[in-house]
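The values are calculated or read from the model by the stated rules, or taken from the named source; none is laboratory data. This structure is a prediction, so every number in the text was calculated from the model and none was measured. FYI the Cβ positions are ideal-geometry reconstructions off the backbone, even for glycines, and counts take in every protein chain you see. Each accessible area value is taken on the protein alone, full model and side chains, heavy atoms only, with ligands, DNA and RNA left out. Shrake-Rupley method; radii C 1.70, N 1.55, O 1.52, S 1.80 Å.
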Amino acid sequence: GENVGLHLPTLSVQEGDNSIINCAYSNSASDYFIWYKQESGKGPQFIIDIRSNMDKRQGQRVTVLLNKTVKHLSLQIAATQPGDSAVYFCAENFGDDKIIFGKGTRLHILP
Amino acid sequence: DTGVSQNPRHKITKRGQNVTFRCDPISEHNRLYWYRQTLGQGPEFLTYFQNEAQLEKSRLLSDRFSAERPKGSFSTLEIQRTEQGDSAMYLCASSQGQVQETQYFGPGTRLLVL
């Protein structure tokens, strides 16, 4: 079936720099997208979401961009901190209550 | 703490045994979801409830798996005759009750089948 996928399994970023985590989705019917952060031994933590009628949404230090033309989603984290180290999942939904997760990107913060 | 809670956090069992996990959702959340996550993968949907009604089950949920939410509050997930392939993190999430509402996850129950 169609699934959300990610370009890079691991991303290393210098502390204080901005991080950009990318995600490609294949289901053109998807109309709701979510980013989750998962720290080791914990459940996924909601970060930010965006609906298909938007192309950008901002939160605290995070921005999600949606490009429906190329089916691409990205998460930007400003001024990356050590506490941002985690696995980040993008997820999609297409009109029901089932979230389809991608495989995740591990964000590693360099001191 | 008013988040989603799950018990136990860890379970080790022998192949062939039955196990049961419990999830307590955020208070007044009508929808409750179960997901399974294996190492290095994203969570996979198993089933969900709207109040006490089980509305959808994934084909991942074999007949050895059963989930209940008898009073529309907490939920249990039982696995009968466990197999080594059942080893995974079992995650529970809840949401307020509308489609595409934010789902909040619990810490998960990590199951190891020997």
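Quick notes on this structure:
- Within segment A:53-77, considering residues that are assigned to a loop (DSSP other than H, G, I, E, B) and farther than 26 Å from B:GLY97 by Cα, the one least open to solvent (accessible area, probe 1.4 Å): A:LYS71
- In summary, A:GLY43 fulfils each of the numbered conditions (1) part of a loop (DSSP other than H, G, I, E, B); (2) modelled with pLDDT under 95 with the single exception of condition (2).
- Candidate set from segment A:88-111 (those that are within 9 Å of chain B (Cβ to nearest Cβ) and open to solvent by 20 Å² or more (accessible area, probe 1.4 Å)); member that is modelled with the highest pLDDT: A:ILE100
- Residue list for segment A:51-87, restricted to those being away from chain B (no Cβ under 11 Å) and either closer than 24 Å to B:GLU56 by Cβ or of a type in the set (D, E, K, R) (or both): A:ASP55, A:LYS56, A:ARG57, A:ARG61, A:LYS68, A:LYS71, A:ASP84
- Single residue of segment B:80-114 satisfying the filter (among the polar types (S, T, N, Q) and in a loop (DSSP other than H, G, I, E, B)) that is modelled with the lowest pLDDT: B:GLN98
- Scoring A:THR80 on the criteria (1) within 15 Å of A:ARG106 (Cα to Cα); (2) assigned to a strand (DSSP E or B); (3) in contact with a Leu (Cβ under 8 Å, 6 or more places away or on another chain) leaves a single failure, condition (2).
- Among the residues listed as B:PRO70, B:PRO25, the single one being within 14 Å of chain A (Cβ to nearest Cβ) and either touching a residue at least 12 places away in the same chain (Cβ under 8 Å) or closer than 21 Å to A:CYS90 by Cβ (or both): B:PRO25
- Within segment A:10-26, the presence of at least one residue that is within 13 Å of chain B (Cβ to nearest Cβ), over 27 Å from B:SER58 (Cβ atoms) and modelled with pLDDT under 95 is confirmed.
- Residues (crowded, with 23+ Cβ neighbours inside 10 Å and within 11 Å of chain A (Cβ to nearest Cβ)) located in segment B:92-104: B:CYS92, B:ALA93, B:GLN103
- Taking (1) without any contact (Cβ under 8 Å) to a residue 40 or more places away in the chain; (2) of a type outside the set (A, V, I, L, M, F, W, C); (3) farther than 23 Å from A:ALA86 by Cα; (4) open to solvent by less than 40 Å² (accessible area, probe 1.4 Å) in turn, B:ARG31 satisfies each apart from (1).
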